[in-house]
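**Student:** My questions will all concern the structure given below.
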Amino acid sequence: MRIPCPHCGERDVNEFRYGGDATKQRPAHGDKDFQTWNAYVFEFDNPKGPHEEFWQHTLGCRQWFRLKRNTATNQILGGGQ
Amino acid sequence: MPKSYSIFSILRHALRPSEPWPEAWAKPAPKSNYDVIIIGGGGHGLATAYYLAKNHGITNVAVLEKSYIGSGNVGRNTTIIRSNYMLGANTAFFEKSLQLWEGLSHDLDFNCMVSHRGQIVVAVSPGQMDSFARRGNLMRLNGIDAELLDRKELEKELPYLDYSKHARFPIWGGIHQRRAGTVRHDAVAWGYARAASALGVHIIEDCEVTGMVMDGNKVTGVETNRGRILAGKVGIAVAGHSSHVARMAGLRLPVESHILQAFVTEPVKPMVHHVVSWGAELFYLSQSDKGGMVFGGHIDGFNTYTQRGQFFKIRDVMECAVSLMPFMSRLRLLRHWGGIMDMTPDGSPFICKTPVDGLYLNGGWCYQGFKATPASGLTFAHTIANDAPHDLNAAFALDRLMKGRELDEHGIGNWTYKQ
Ligand SMILES: Cc1cc2nc3c(=O)[nH]c(=O)nc-3n(C[C@H](O)[C@H](O)[C@H](O)COP(=O)(O)OP(=O)(O)OC[C@H]3O[C@@H](n4cnc5c(N)ncnc54)[C@H](O)[C@@H]3O)c2cc1C
Ligand SMILES: [Zn+2]
């Protein structure tokens with residue numbers, strides 16, 4: 001798999017670190033509902049298909065960015081931004 | 001179906017004109033209604049169906065498998081069984097599983113080739129020797145066998161490691177569980193399928209579940225590519241596809257699906273007589289009966305449902321192999337493959353009821369589901385039959401993370417596999 005870094009261009013996946021689901025919204029700071037925090041911290045959509053996620057170019061420019069990828073095929077759907 | 005397998009049935013078959021062996025399990029068409037449907041015909045699904053029929057007398061059961069029996073992780077793993085855990089719930093559960101492996105071939109009347117060749121984990125620092133001593137003591141307090149080996153004793157067992165002072169990770173000793181070992185994984189799937197089928201369970205291959213039939217908050221059946229099938233209760237046992245199938249009932253799980261790769265070299269003469277694991281990195285190897293070295297390491301590290309592994313991980317695992325066992329550099333890699341695993345935040349599984357009535361979950365097995373197969377089937381069947389967990393799986397509940405009762409075997413916090 002090759003990943004397009006917005007700064008360095010397309011590089012091998014082993015130069016990157018995966019940062020997980022990028023669509024999660026952090027609950028409000030004072031939110032006291034356990035279910036809300038449980039959903040934020042532990043649960044994942046984990047779809048078989050298009051997925052928006054974070055990556056960091058750890059062995060390159062070290063920038064964090066968002067990527068769209070199809071988890072059923074590993075096809076990159078939308079470039080890093 | 002052959003009634004029983006024995007030396008006599010082999011001789012009888014050898015003398016008969018050449019006709020194939022009868023099918024090991026029946027291939028019925030799906031009925032419109034069952035008491036229990038198990039989704040997923042891997043080791044866990046088949047074992048669950050077998051124990052539902054054998055221990056609870058529930059025989060109106062269907063196992064729905066989207067592909068063929070043995071196509072999932074049950075036929076892709078590195079076949080290691082052991083019970084060297086430290087947390088109470090894990091220790092009791094995995095030790096029960098090891099005890100069930102010990103009698104499984106007789107129970108199923110199918111040779112699963114259970115091999116108690118022992119597992120040794122190699123320690124690479126004095127601190128690690130201390131932690132292995134602690135682990136061994138905890139195991140022995142629970143009646144589980146464990147022996148600490150110093151460097152000299154280790155050298156007798158595993159003479160082929162790099163014991164030199166200049167090794168990248170100098171070797172200090174190891175911990176040995178003699179009852180650990182390997183099991184022929186295909187035979188486990190086939191044996192459970194055959195034994196369940198003999199008790200009346202329907203095993204239905206090429207039958208993919210595509211949706212749930214719901215009545216309010218209750219599951220009453222499933223939609224499949226072979227039509228709608230109704231059921232009183234539905235159990236999910238789909239390994240890496242847990243999130244995907246649970247979503248059909250509106251559930252979101254504490255799971256990410258990741259690929260783990262496995263590797264096998266060309267066959268050579270017998271040389272590695274144990275399962276060998278390493279304290280410096282996640283690496284485990286055994287030699288198959290055919291002679292190939294079968295081994296694996298970490299997951300690739302990002303969620304995916306493709307069973308195709310990345311090249312960088314192949315290189316990582318080869319580096320581990322060669323630094324621990326220098327002879328590995330001279331062997332040719334024959335094959336490698338991948339399987340999709342459902343990784344959980346604390347690295348421990350779920351065998352439990354779900355917030356949806358009539359729906360039960362068996363998943364989140366991470367790296368460790370094969371050794372769990374018999375105990376997983378036993379306790380999941382109990383949970384489905386009684387609508388309440390068995391003592392052995394009570395801790396494997398979905399809400400344990402929210403309640404702060406995580407089973408974090410490595411003691412390193414949330415999402416242990418990402419660290
Ligand atoms: C490379 C590798 C090495 C491993 N090594 C070890 C090891 O050494 N020791 C150990 O203890 N564990 C190991 N594991 C883990 C272990 O293999 C798994 O945890 C375990 O096999 C999972 O349970 P299962 O056998 O039921 O899974 P599977 O055999 O994967 O069964 C799940 C089944 O569900 C089916 N399915 C999925 N979706 C649907 C649907 N919608 N409808 C119908 N059917 C569906 C799949 O086709 C599949 O056959 C390893 C895993 C991998 C990938
Ligand atoms: Zn970059």
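**Student:** If you place +1 on the Cβ of every Lys and Arg and -1 on the Cβ of every Asp and Glu, how big does the dipole about the Cα centre of the protein assembly as shown come out, in debye to the nearest 20?
**Tutor:** The dipole of the protein assembly as shown has a size of about 660 debye.
**Student:** OK, next. I need the shape label for the range A:26-67. Rule: rounded when a/c is under 1.5, else prolate if a/b > b/c, else oblate, with a, b, c from the alpha carbon gyration tensor.
**Tutor:** oblate
**Student:** Calculate the FRET efficiency for residue B:308 and residue A:41 from the Cβ-Cβ distance with a Förster distance of 35 Å, rounded to the nearest 0.05.
**Tutor:** My answer for the efficiency is 0.70.
**Student:** Sticking with this structure for a sec: Explain nothing, just the number: relative contact order of chain A, from Cα pairs under 8 Å at least 6 residues apart, as a whole percent.
**Tutor:** 32 percent
**Student:** Another one. If the elastic network links every pair of Cα atoms under 10 Å, which of A:30, A:49, A:20 fluctuates the most in the Gaussian network model of chain A?
**Tutor:** A:30
**Student:** I would also like to ask the following. Picking from B:219, B:234, B:36, which is most flexible by a Gaussian network model of chain B using Cα springs under 10 Å?
**Tutor:** Looking only at B:219, B:234, B:36, the largest GNM fluctuation is found for B:219.
**Student:** Using Cα springs under 10 Å in a Gaussian network model of chain B, which residue among B:198, B:180, B:381 shows the largest mean-square fluctuation?
**Tutor:** Sorting by GNM fluctuation, first place goes to B:198.
**Student:** Compute the relative contact order of the range B:300-419 as a whole-number percentage, counting only Cα pairs closer than 8 Å that sit 6 or more residues apart in sequence.
**Tutor:** This gives 26 percent for the range B:300-419.
**Student:** Is the range B:118-190 rounded, prolate or oblate when judged by the Cα gyration tensor, a ≥ b ≥ c being the square roots of its eigenvalues, rounded requiring a/c under 1.5 and prolate requiring a/b larger than b/c?
**Tutor:** oblate
**Student:** Over every pair of different alpha-carbon atoms in the range B:214-346, take the mean of 1/r and invert it; report that Kirkwood radius in Å.
**Tutor:** 17.4 Å
**Student:** Still on this model: So if each residue of separation counts as 0.36 nm, and I subtract the Cα-Cα distance between residue B:273 and residue B:142, what length gain in nm does that give?
**Tutor:** 44.5 nm
**Student:** Something else now. To the nearest whole number, what is the average tally of beta carbon atoms from other chains within 10 Å of the beta carbons of peptide A:30-36?
**Tutor:** Partner Cβ neighbours, averaged per residue: 1.
**Student:** Now for a different question. Between the range B:176-229 and the range B:372-398, what is the C-alpha centre distance in whole Å?
**Tutor:** 15 Å
**Student:** Let me ask something else. Just in the range B:1-80: which chymotrypsin sites (Phe, Trp or Tyr not before Pro) are loop by DSSP and have at most 12 other Cβ atoms within 10 Å?
**Tutor:** B:68
**Student:** Mind listing the Cα extents of the range B:60-136 along all three principal axes, in Å, largest one first?
**Tutor:** 53, 25, 25
**Student:** Which of the listed residues, B:177, B:116, B:136, is farthest toward the dipole's positive end in the range B:115-205, when Lys, Arg count +1 and Asp, Glu count -1 at the beta-carbon?
**Tutor:** B:136
**Student:** For residue B:225 and residue B:165, calculate 0.36 nm times their separation in residues minus their Cα-Cα distance, and state this gained length in nm to one decimal.
**Tutor:** Difference between extended and current length: 15.6 nm.
**Student:** Testing the spin-label approximation: label points 7 Å from Cα along Cα→Cβ at residue B:10 and residue A:28. State their distance in nm.
**Tutor:** Inter-label distance under the simple model: 7.2 nm.
**Student:** Work out the charge dipole of the protein assembly as shown with +1 on the Cβ of Lys and Arg and -1 on the Cβ of Asp and Glu about the Cα centre, then indicate which of B:224, B:254, B:25 is farthest towards its positive end.
**Tutor:** B:25
**Student:** Also: Just how large is the dipole of chain B about the Cα centre, in debye to the nearest 20, putting +1 at every Lys and Arg Cβ and -1 at every Asp and Glu Cβ?
**Tutor:** 540 debye
**Student:** A follow-up question, please. Using alpha-carbon positions, what is the distance between the centroids of the range B:230-283 and the range B:43-90, in Å?
**Tutor:** 12 Å
**Student:** Separate question: Out of the range B:343-410, which trypsin sites (Lys or Arg not before Pro) are coil in DSSP terms and have no more than 13 other C-beta atoms within 10 Å?
**Tutor:** Loop-located and lightly packed - B:403, B:405.
**Student:** To continue, here is another question. Looking only at other chains, what is the average number of their beta-carbon atoms within 10 angstrom of each beta-carbon in B:400-407?
**Tutor:** Partner-chain Cβ atoms within 10 Å, mean over residues of B:400-407: 2.
**Student:** Let me ask something else about it. Relative contact order for the range B:27-88 using alpha-carbon pairs under 8 Å, separation at least 6, rounded to a whole percent?
**Tutor:** 36 percent
**Student:** So what are the radius of gyration and Dmax for the Cα set of the protein assembly as shown, in Å?
**Tutor:** So, for the protein assembly as shown, Rg and Dmax equal 23.2, 78 Å respectively.
**Student:** Here is a follow-up. If each of residue B:35 and residue A:12 carries a label point 7 Å out from its Cα toward its Cβ, how far apart are those two points in nm?
**Tutor:** 5.6 nm
**Student:** Equivalent-ellipsoid semi-axes (√(5λ), Cα gyration tensor) for chain B, whole Å, largest first?
**Tutor:** Listed largest to smallest, the semi-axes of chain B are 36, 26, 20 Å.
**Student:** For peptide B:252-263, compute the average count of partner chain beta-carbon atoms within 10 Å of each residue's beta-carbon.
**Tutor:** Partner Cβ neighbours, averaged per residue: 3.
**Student:** How fast does the range B:1-151 diffuse by Stokes-Einstein, in µm²/s, taking the Kirkwood radius from C-alpha pairs at 10 °C and 1.306 mPa s?
**Tutor:** Calculated translational D: 83 µm²/s.
**Student:** So for chain B: antiparallel DSSP bridges make up what percent, rounded to the nearest 5?
**Tutor:** Bridges in chain B are about 70 percent antiparallel.
**Student:** Does chain A come out rounded, prolate or oblate, given a ≥ b ≥ c as the square roots of the eigenvalues of its C-alpha gyration tensor, rounded meaning a/c under 1.5 and, failing that, prolate meaning a/b above b/c?
**Tutor:** prolate
**Student:** Right, something else. Given the DSSP H assignment, sum -39500 (n - 2.57) over each helix run of at least 4 residues in chain B and divide by its residue total; what's the result at 222 nm in deg cm²/dmol, nearest 500?
**Tutor:** Per the formula, -9000 deg cm²/dmol.
**Student:** Would you work out the charge dipole size for chain A about its Cα centre, treating the Cβ of every Lys and Arg as +1 and the Cβ of every Asp and Glu as -1, and quote it to the nearest 20 debye?
**Tutor:** Rounded to the nearest 20 debye, it is 180 debye.
**Student:** Here is a follow-up. Which FRET efficiency value, to the nearest 0.05, do you get for residue B:18 and residue B:206 by plugging their Cβ-Cβ distance into 1/(1 + (r/R0)^6) with R0 = 30 Å?
**Tutor:** Given R0 = 30 Å and the Cβ-Cβ separation, E is 0.60.
Each value in this text was obtained by applying a stated rule to the coordinates, not by laboratory testing. Since this is a predicted model, take the numbers as computed values, not measurements. Note: ideal-geometry Cβ built from the backbone for every residue, glycine included; neighbour counts use all protein chains shown.
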